[in-house]
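Scroll down for the structure; my scribbles are underneath it.
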Amino acid sequence: MAAILELYLVRHAIAAERGPAFLDDRLRPLTPEGTRRFKEAVRGLAALGLELDIVLTSPLTRAEETAGLLAAGLQGRPPVETVAALAPGGRFAAVVEAVGRQSRRHRRIALVGHEPGLGEHAARWLGARGQIEFRKGAICAIEVEGATPAGPGTLRWFLPPRVLRRLSR
């Protein structure tokens, strides 16, 4: 039996609105409120004892900032690596390929991305159709076999940001 991979799918935290201030959607940063709330949510994850080996993130600013907060707030401060396939419109097969490469060295992998792609990827990993809706800052844990990182996997938990923040208290 192959080793089990723990995948943590994370939707980026609250970001600046689209508009004239950010004509290039890729550059929209987290808001101060989004940063504050996500830091609190990460403290909730730390209280649960969550440890990660690596954080893979979309190259968009809001996802990279979320990934940085996630890594900085957890024990061991896992490295963060950019994966183009986690950007909006990224193909599931390319994300699975990135996970497969990392699974040679890592068992606990976070993926930081965007809706609707993240929800579609989560559904595919669970062998479902459609998508699972992620609120900004929500995180789900899915276990898959390392030999078949495309799934189907098992949902271990799915926590909205409000619950994560409450765990930090």
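The values are calculated or read from the model by the stated rules, or taken from the named source; none is laboratory data. Just so we're clear, the structure is a prediction, and the values are computed from it rather than from any experiment. Every residue, glycine among them, receives a Cβ derived from its backbone with ideal geometry; neighbour counts consider all protein chains shown. Each accessible area value is taken on the protein alone, full model and side chains, heavy atoms only, with ligands, DNA and RNA left out. Shrake-Rupley method; radii C 1.70, N 1.55, O 1.52, S 1.80 Å.
For the structure I just gave you, tell me whether Gly89 is small (Gly, Ala, Ser) and in contact with a helix residue (DSSP H, G or I) (Cβ under 8 Å, 6 or more places away or on another chain).
It is true that Gly89 is small (Gly, Ala, Ser) and in contact with a helix residue (DSSP H, G or I) (Cβ under 8 Å, 6 or more places away or on another chain).
Thr148 meets each of the listed conditions (1) at pLDDT 95 or above; (2) of a type in the set (S, T, N, Q); (3) more than 14 Å from the chain's Cα centre (by Cα) apart from (1). Looking at Ala72, Ala122, can you tell me which residue is among the aliphatic types (A, V, I, L, M) and farther than 11 Å from Leu9 by Cα? The conditions single out Ala72.
Within the range 14-36, does at least one residue satisfy the condition of being open to solvent by less than 50 Å² (accessible area, probe 1.4 Å), modelled with pLDDT of 95 or more, in a helix (DSSP H, G or I) and of a type outside the set (Phe, Trp, Tyr)? There is at least one residue in the range 14-36 that is open to solvent by less than 50 Å² (accessible area, probe 1.4 Å), modelled with pLDDT of 95 or more, in a helix (DSSP H, G or I) and of a type outside the set (Phe, Trp, Tyr).
Out of Gly113, Gly100, I need the residue that is touching a Pro at 6+ places or on another chain (Cβ under 6 Å), at negative phi and among the small types (Gly, Ala, Ser). Which one? I'd like the intermediate steps shown before the answer.
Working: Gly113 fails: touching a Pro at 6+ places or on another chain (Cβ under 6 Å).
Just one listed residue meets the conditions, Gly100.
Across the range 56-71, not a single residue is classified as in contact with a helix residue (DSSP H, G or I) (Cβ under 7 Å, 6 or more places away or on another chain) and modelled with pLDDT under 95.
Pick out, from the range 42-153, the strands (runs of 3 or more DSSP E) lying fully within it that include 2 or more residues that are open to solvent by less than 70 Å² (accessible area, probe 1.4 Å) and closer than 28 Å to Leu23 by Cβ. Break it down stepwise before answering.
Values: elements: 54-57, 80-82, 108-113, 139-145.
Those strands (runs of 3 or more DSSP E) span 54-57, 108-113.
With the structure loaded, tell me whether Ala63 is closer than 19 Å to Phe134 by Cβ and touching a strand residue (DSSP E or B) at 6+ places or on another chain (Cβ under 8 Å) or whether it fails that test. In short, yes.
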